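The values are calculated or read from the model by the stated rules, or taken from the named source; none is laboratory data. Please read all numbers here as calculations on a predicted model, not as lab measurements. Cβ atoms come from the backbone with ideal geometry, glycine included; neighbour counts cover every protein chain shown.
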Amino acid sequence: MARIVQKFGGTSVANTDRIKAVALRVKKAVDAGDQVAVVLSAMSGETNKLVEYVTTMSKLYDAREYDAVVATGEQVTVGLLALALQDLGVPARSWLGWQIPIRTDGVHGRARIESVETEEMQKRLEKGEVCVVAGFQGIGPDNRITTLGRGGSDTSAVALAAALGADRCDIYTDVDGVYTTDPRITPKARKIDKITYEEMLEMASVGAKVLQTRSVELAMKQKVRVQVLSSYSDEPGTLVVDEDEIVEKELVSGVAYSRDEAKITLVAVPDRPGIAAAIFGPLADNGINVDMIVQNISQDAQATDLTFTLPIADLDRATSTLQAQQENLGYRELRADKNVAKISVIGVGMRSHAGVALRMFQALAEKGINIQVISTSEIKISILIAEEYTELAVRALHTAYGLDAD
Ligand code: ADP
Ligand code: ASP
Ligand code: MG
């Protein structure tokens, strides 16, 4: 007997038939004697629709009301699954974030979980009741509904698994595991049996949407055993594990991409101490996270160009913040570019090997793809390119690092 958390994403609960199939899968675990808590997303497409309602209603919307609206998708699916389970003779009850409660900070739209109350749930699980929990949502310090950022029900599931001391957290989705790259980009992507928390964290943070970044962060910190697997098959999925559980360390274990990037170049910025702080300070104050940064050494010790990337969703706000400061900052021109993508290669084996970046540059050169910005960390290299080359670059790198399936 085990205590498990099973999370089902949007496509797995896309309609009432799929929800019935989820109920059968949950019943199987219950029949095997397991205690089961389930975390659900909204039906696929539902959250996008809700976000669109909000932005249509109000361009500069109040984030509290955004949360009140976009959290509703999950209320529908948890109620429906509880009904489907009851009809199969499995005792089940639905739970919204505030009913548990899952307490979060007050950062509406991308709140962080601070605590999960489990006393009542533990009692019910021990009696054999299935707890069906709405993912993606919690309750803030002012008792208002919060949401955890897009893809946040992965994080709900991991947080619940940690709080319940669950033996496993199974993330059921529409692919049967974590692949060497997004299987939608190349059929040559290979399923990875085991991936380290660190690699998964990097992959998620540079764009592999299969797990929300924060869910991996939390799993790593709380030592939650996470498995990614398909809700359509019984194949084993991908286990996310500690590095010492992996014998053969791949040089590169995956290639990821993100089209959610934009690039800003400030032309002819005065080259003086304090200028970077003067530029990035107001952006940080506005909650805008800057990612890759390049600054050239000025030729004449007078002025230089500064380029950086940021989430495309923040581009308009960043542009207006910097334009308002143009006189004060003294740059000549601001150039914004949405037509960029970030491509990254990730692998713990990079720590001990040279030449990994060179292979990346050569592979892109062979395809005639120009690199605009480069950034590296211990186990990752990222480059920025024109967006239209995303697929070509991902496929070329997948081949160059020997990741292609036979
Ligand atoms: P869910 O609705 O179940 O949470 P998501 O759409 O959030 O599902 O995540 C699953 C998707 O992640 C897959 O359909 C796949 O296209 C995408 N994906 C991106 N990178 C990877 C990767 N490296 N391995 C597997 N899937 C990936
Ligand atoms: N339904 C939410 C979203 O679409 C949360 C999730 O699916 O994880 O972002
Ligand atoms: Mg998801």
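Return the residues of region 237-255 that are out of contact with any His (no Cβ under 7 Å at 6 or more places or on another chain), more than 16 Å from ligand 3 (Cβ to nearest atom) and not in a helix (DSSP H, G or I); say none if nothing qualifies.
Correct list: 239, 241, 242, 246, 247, 248, 249, 250, 252, 253, 254.
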Could you tell me whether region 140-155 includes any residue that is surrounded by fewer than 17 Cβ atoms within 10 Å (Cβ to Cβ) and within 16 Å of ligand 2 (Cβ to nearest atom)? yes
Of 53, 61, which residue is free of Cβ contacts under 8 Å to residues at least 12 places away in the same chain and surrounded by fewer than 24 Cβ atoms within 10 Å (Cβ to Cβ)? 61
Within region 179-236, of all residues that are of a type in the set (Phe, Trp, Tyr) and within 16 Å of ligand 3 (Cβ to nearest atom), the one nearest to residue 346 (Cα to Cα) is 179
Scanning region 286-315 residue by residue, the ones that are of a type in the set (Asp, Glu) and at pLDDT 90 or above total 2
Residue 56, sole failed condition from (1) under 30 Å from residue 1 (Cβ atoms); (2) more than 16 Å from ligand 1 (Cβ to nearest atom); (3) of a type in the set (S, T, N, Q): (1)
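Starting from residues that are among the polar types (S, T, N, Q) and outside any loop (DSSP other than H, G, I, E, B), keep the ones in region 124-160 and report whichever is farthest from ligand 1 (Cβ to nearest atom).
146
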Every listed condition ((1) under 22 Å from the mean Cα position of the chain (by Cα); (2) closer than 20 Å to residue 158 by Cα; (3) of a type outside the set (A, V, I, L, M, F, W, C)) holds for residue 101 save (1)
With (1) in contact with a helix residue (DSSP H, G or I) (Cβ under 9 Å, 6 or more places away or on another chain); (2) more than 16 Å from ligand 3 (Cβ to nearest atom); (3) of a type outside the set (Lys, Arg); (4) closer than 20 Å to residue 215 by Cβ as the list, and residue 10 as the residue in question, which single condition is left unmet? (2)
Would you call residue 77 in contact with a strand residue (DSSP E or B) (Cβ under 6 Å, 6 or more places away or on another chain) and within 16 Å of ligand 1 (Cβ to nearest atom)? yes
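Yes or no: residue 71 surrounded by 18 or more Cβ atoms within 10 Å (Cβ to Cβ), within 12 Å of ligand 2 (Cβ to nearest atom) and at negative phi?
It is true that residue 71 is surrounded by 18 or more Cβ atoms within 10 Å (Cβ to Cβ), within 12 Å of ligand 2 (Cβ to nearest atom) and at negative phi.
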Name every residue in region 205-215 that is in contact (Cβ under 8 Å) with a residue 40 or more places away in the chain and within 16 Å of ligand 2 (Cβ to nearest atom), in order of residue number. 207, 208, 209, 211, 212, 214, 215
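Could you identify the single residue in 210, 228, 252 that is under 26 Å from residue 397 (Cβ atoms), surrounded by 18 or more Cβ atoms within 10 Å (Cβ to Cβ) and modelled with pLDDT under 95?
After ruling out the rest, the residue left standing is 252.
Pick from 130, 76, 107, 116: which is modelled with pLDDT under 95 and away from ligand 3 (no atom under 16 Å from the Cβ)?
One residue alone meets the criteria, 107.
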What's the number of the condition residue 20 fails, among (1) closer than 21 Å to residue 233 by Cα; (2) under 21 Å from the mean Cα position of the chain (by Cα); (3) in a helix (DSSP H, G or I); (4) of a type in the set (Lys, Arg)? (2)
Can you find a residue in region 37-54 that is more than 25 Å from the chain's Cα centre (by Cα) and not in a loop (DSSP other than H, G, I, E, B)? no
Look at residue 42 and say whether it is within 16 Å of ligand 3 (Cβ to nearest atom) and closer than 18 Å to residue 173 by Cα. yes
